[in-house]
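Laboratory data are not the source of any read-out in this text; all were calculated from the coordinates shown. This is a predicted model, so every value here is computed, not measured. Because the Cβ atoms are built from the backbone with ideal geometry, glycine has one as well, and the counts that use them run over all protein chains shown.
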Amino acid sequence: MDKQQQIELVKQFSDAYGVPGFEQDVIKLYRDQMAPYGTTTIDGMFNALTARHGNTGDRPVVQMDAHADEVGLMVQAIRPSGLIKFVTLGGWVPTNVPAMRVVVRNKRGEYIPGVVATKPPHFMTAAERNQVPTIAGMSIDVGSVSREETINDFAIDTGCPIFPDVQCSYDDQHGMFFGKAFDDRVGAAALIDTFDNLKDDELKVDVVAGLSTQEEVGLRGAYVTARKVDPDLAIVYEGVPADDTFEPDWLSQTRMKGGPMLRDLDTTYIANPNFQQFAADLADELHLPYTRAVRTGGGQNGAAIGYWKGVPTIVVGIPVRYEHTAYNFTALSDFQVSSQLGTEILRRLDKETIESFNRVD
């Protein structure tokens with residue numbers, strides 16, 4: 001896949017709407033983009049599994065993973081004024097939510113623009129101006145003037161999904177994307193780029209790519225895909241939060257344009273050390289930049305997949321600035337190196353190598 005194709009692929013995935021439980025548009029894009037490289041099946045959670053062309057069924061199985069969903073919102077109820085009371089889907093910081101442009105998918109499947117509204121400062125008391133905003137105190141305004149209009153004319157009611165509304169752009173001079181949902185749409189795009197890299201290769205393993213759903217609300221889709229694929233090994237592509245804008249250089253472990261982050265630890269997961277070192281050694285051999293990270297927070301699908309039968313699992317993280325907000329940066333070079341590393345790992349895997357990751361001697 002050439003550079004321009006990679007750029008367009010990331011932009012398409014970023015622009016697609018897909019909060020937890022409502023990932024259909026992302027899954028359709030993934031299915032269509034994966035069509036040349038494998039056979040895709042979709043389940044009732046909208047998890048998509050792609051068995052690579054050339055799989056034989058009698059070799060070790062490697063599961064590639066990324067997740068389709070982004071952090072978002074959902075309609076809880078309609079206020080008498082017509083404003084929408086909402087809840088969060090995924091981990092939002094309340095101060096990042098006010099004044100965000102959104103779209104609500106109504107009961108007719110139409111996308112209705114709106115904005116996250118708070119009381120204007122003109123009407124706030126001094127105490128209110130100094131308070132930290134709460135989700136319960138916010139609403140979404142779609143331009144309605146009554147509860148009846150919101151429900152009957154706008155066709156918006158309890159259960160409708162709400163998506164951040166941001167269009168992705170690419171700055172070619174600096175190699176940077178600016179958009180939403182790079183956690184984990186860059187990972188979704190990397191799955192496709194990896195399969196494209198391997199389209200003419202004869203591997204010694206079978207590969208199944210899983211674009212899982214509902215990661216942001218508890219890794220739910222990956223628990224399902226791991227049981228369906230029953231892998232011997234797993235590689236997770238994840239958009240991971242960059243720390244280079246607030247940590248000192250000696251502590252920064254996920255840097256923009258620093259290559260993929262190989263995660264050793266988070267609150268849900270410890271990487272298989274043998275597989276992790278294999279990936280790091282290979283990156284060194286190929287002169288690919290990367291970082292290692294030990295995190296005191298966070299979680300990702302590597303945990304859910306690794307819990308299935310204890311399969312060796314690593315996370316290849318693509319750095320993203322300002323995750324879990326509507327506005328993110330990510331670098332094309334980090335996307336490319338992450339895909340290249342995943343590709344080269346797959347080219348070097350065989351039954352004996354995979355079995356070596358389980359050894360304790």
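Here are a few things to note about the model shown:
- Percent antiparallel among DSSP beta bridges (both partners in the chain, rounded to 5): 65
- For the stretch 150-256: rounded, prolate or oblate by the Cα gyration tensor [a/c cutoff 1.5]: oblate
- Packing-based order for 62-72, 164-174, using average beta carbon neighbours within 10 Å, highest first: 62-72, 164-174
- Computed E for Asn96/Ile270 - FRET, C-beta separation, R0 35 angstrom, nearest 0.05: 0.75
- C-alpha long axis of helix 24-34 to longest principal axis of the chain, angle in °: 30
- Label separation (Gln173 vs Ser356): 4.7 nm, computed from points 7 Å beyond Cα along the C-beta direction.
- With θ taken as phi - 60° and the Karplus curve 6.51 cos²θ - 1.76 cosθ + 1.60 applied, the whole-hertz 3J(HN,Hα) list for the stretch 192-200 is 5, 4, 5, 4, 5, 4, 9, 4, 10 Hz, x standing for glycine and proline.
- Distant-in-sequence amide contacts of Ser139, defined by a placed amide H-H separation under 5 Å and a gap of 5 or more residues or a different chain, comprise Ala117.
- FRET E, pair Gln24, Thr245, Förster distance 41 Å, beta-carbon r, rounded to 0.05: 0.75
- FRET E, pair Gln131, Glu202, Förster distance 45 Å, beta-carbon r, rounded to 0.05: 0.10
- Kirkwood Rh in Å, taken over the chain so that all alpha-carbon pairs contribute: 21.1
- In this structure the amide hydrogen of Tyr322, modeled in the peptide plane, comes within under 5 Å of the amide hydrogens of Ala242, none closer than 5 places in sequence on its chain.
- Rounded tilt (10° steps) of 332-348 against the dominant C-alpha axis of the chain: 40
- Principal-axis analysis of the Cα atoms of the chain puts helix 3-15 at an angle of about 40° to the longest axis.
- The chain - mean residue ellipticity at 222 nm from DSSP helices (-39,500 (n - 2.57) per run, n ≥ 4, rounded to 500): -8000 deg cm²/dmol
- Amide H to amide H, with H built 1.01 Å from N, Asn328 comes under 5 Å of Gly179, Lys180, counting only residues 5 or more places away or on other chains.
- Gained length - Tyr307 relative to Arg227, 0.36 nm times residue gap less alpha-carbon distance: 27.8 nm
- Derived scalar couplings between HN and Hα for the stretch 266-275 equal 9, 6, 10, 7, 10, 5, 4, x, 5, 5 Hz in order, rounded to whole Hz, by the Karplus curve 6.51 cos²θ - 1.76 cosθ + 1.60 (θ = phi - 60°), x for Gly and Pro.
- Cross-link pairs Lys228/Lys309; Lys107/Lys228; Lys180/Lys257 - those with Cα-Cα distance over 21 Å: Lys107/Lys228
- On full extension, the segment bounded by Met124 and Tyr111 gains 1.5 nm, given 0.36 nm per residue less the C-alpha separation.
- Backbone geometry of the stretch 76-93 corresponds, through the Karplus equation with coefficients 6.51, -1.76 and 1.60 at θ = phi - 60°, to 3J(HN,Hα) couplings of 9, 6, 10, 6, x, 6, x, 5, 9, 8, 9, 10, 8, 10, x, x, 9, 8 Hz, x marking Gly and Pro.
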